[in-house]
Amino acid sequence: MCYVRRAATRKPWRHILSPQVDDAALQATLSRLRRGLPPPVIWLFGKVQSGKTSIIRALTGAEQAQIGLGFAPCTRWASRYDFPNADVPLAVFLDTRGLGEAGYDAREDLEAFRTQAHMLLVVVKAMDMALEHLLAALKTLLREKPSWPLIVAQTTLHQGYPPDRHDHVYPYPFTSSPWPAAVPAELARALTYQRKLFADMPVQRFIAIDFTLPEDEFREPFYGREVLLEALDAAHPHAVYQTLRQLPELRYKLKSLHFRQAQPHILAYAFAAAAVGAVPLPIADLPAISALQLKLLHTIASIYRQPLRVKSFLELISTVGLGVLFRQAARSLLKLIPGFGSAVSGLHAGATTYALGCALCLYYQVGFDGHLPSPKQLQAFYQQKLAEGMHLLRPAEERLQ
């Protein structure tokens, strides 16, 4: 009994020291977002370097490096990527990375994914003719569960272009056959040959796509993306297509929920920093204000359910400018000016705290999209919020002038 009472008395302090978005509120929001739109679970079945990560990038907008870091192993041969994260997944991608390796057994992945995956999206490079291991493993899966919707994506089309061709064929020619003469002959032969290899399988649709990076200098980096979405729609309209189409709206609503929870804390710490900064003791306030700001950043990290890693903290500080630290000291020295100096010092301390808190929110909110804000974006946002903080913390009579 005594232990239970102690645990009960601790619980409120945990919420004060490490506030989070209320689980009930979070689940209610997710329930509203997903009503009739469950997170799609797509099993990407293909060799390493076949274009699976590029497909995730095209569907989610996440950066390639962040996708690679986000995969978590779930069997000996396969891994799982929850977008934007495992706490609030809006889409799930399963990736068979062991395909083609010695000893790969498709039955192990089948047992793990049988009830999870909504569909099989087979990914093959358009010019890859060595598909024996892939086809054998795929047949094993389909024998066990023939009802899985099956789409075959033929990727990296540009590898079948002649040396003097530097862009794709327009308009997109692969929605109907025969294909026009503008499709390079070598590529057309490869695509046709591959499709014959799948002749005895229940493929719902073949799609030819080419998802490249900006530095590849193709006019359209996600060539065939709309065709891919249409194929997903036809294969599993309610579980996949609608959710993928609405990912931007779903991400926005989730980010808004977390920011609404963080905003009162940002204002409270900003006003506290302003009060400490207004005390007419030069330099002596710096440790207290730094402690307040660090606690605010810890609070925001807790709300977003992200650890405040040293790396993230240093990235934030270095991006908005190490000049912040020097300005803190210069602000404190303003107190040498009687009266006026303390007031201005307090205003700057509060506004800096407000801007730092908002900048960390942006850092985590952009993370919901699977990547990080650029230094230029973060600096501009920090300066905008610094000006906003100066306005909010000014006495009301001054704001009206």
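In this structure, does I289 turn out to be at pLDDT 85 or above, more than 30 Å from A153 (Cβ to Cβ) and crowded, with 20+ Cβ neighbours inside 10 Å?
Values: at pLDDT 85 or above: no; more than 30 Å from A153 (Cβ to Cβ): yes; crowded, with 20+ Cβ neighbours inside 10 Å: yes.
Against the criterion (at pLDDT 85 or above, more than 30 Å from A153 (Cβ to Cβ) and crowded, with 20+ Cβ neighbours inside 10 Å), I289 does not qualify.
Can we say P173 is in contact with a Pro (Cβ under 7 Å, 6 or more places away or on another chain), free of Cβ contacts under 8 Å to residues at least 12 places away in the same chain and within 26 Å of A235 (Cβ to Cβ)?
So P173 passes the test.
Answer yes if at least one residue in the stretch 194-203 is touching a residue at least 60 places away in the same chain (Cβ under 8 Å), open to solvent by 20 Å² or more (accessible area, probe 1.4 Å), over 25 Å from E132 (Cα atoms) and not hydroxyl-bearing (S, T, Y), and no otherwise.
Within the stretch 194-203 (the criterion being touching a residue at least 60 places away in the same chain (Cβ under 8 Å), open to solvent by 20 Å² or more (accessible area, probe 1.4 Å), over 25 Å from E132 (Cα atoms) and not hydroxyl-bearing (S, T, Y)), the answer is no, since none of the residues qualifies.
So which residues in the stretch 76-90 are of a type outside the set (D, E, K, R) and either modelled with pLDDT of 85 or more or over 19 Å from H258 (Cα atoms) (or both), if there are any at all?
If the condition is that a residue be of a type outside the set (D, E, K, R) and either modelled with pLDDT of 85 or more or over 19 Å from H258 (Cα atoms) (or both), then W77, A78, S79, Y81 are the ones that fit.
I'm checking my understanding of the structure. Among residues of the stretch 89-110 that are over 23 Å from A235 (Cβ atoms) and not in a loop (DSSP other than H, G, I, E, B), which one is most open to solvent (accessible area, probe 1.4 Å)?
That would be R107.
Please verify whether L138 is at pLDDT below 95, under 30 Å from F218 (Cβ atoms) and part of a helix (DSSP H, G or I), treating the condition exactly as stated. Let's see the steps before the verdict.
On the way: at pLDDT below 95: yes; under 30 Å from F218 (Cβ atoms): yes; part of a helix (DSSP H, G or I): yes.
Yes; evaluated as a whole, the condition is true for this residue.
Restricted to the stretch 376-401, and to residues that are modelled with pLDDT under 80 and in a helix (DSSP H, G or I), which residue is surrounded by the most Cβ atoms within 10 Å (Cβ to Cβ)?
Within the stretch 376-401, the subset modelled with pLDDT under 80 is 393-401.
Within this subset, residues satisfying the condition of being in a helix (DSSP H, G or I) are 393, 396-399.
Values: L393: 21, A396: 6, E397: 7, E398: 9, R399: 10.
The selected residue is L393.
Taking the conditions exactly as written (within 28 Å of T192 (Cα to Cα), open to solvent by less than 30 Å² (accessible area, probe 1.4 Å) and in contact (Cβ under 8 Å) with a residue 24 or more places away in the chain), does F113 satisfy them or not?
Values: within 28 Å of T192 (Cα to Cα): no; open to solvent by less than 30 Å² (accessible area, probe 1.4 Å): yes; in contact (Cβ under 8 Å) with a residue 24 or more places away in the chain: yes.
In short, no.
The values are calculated or read from the model by the stated rules, or taken from the named source; none is laboratory data. Fair warning: this is a prediction, and the values are worked out from it, not measured in the lab. Cβ coordinates were reconstructed from backbone atoms using ideal geometry, including for glycine residues, and neighbour counts include every protein chain displayed. Each accessible area value is taken on the protein alone, full model and side chains, heavy atoms only, with ligands, DNA and RNA left out. Shrake-Rupley method; radii C 1.70, N 1.55, O 1.52, S 1.80 Å.
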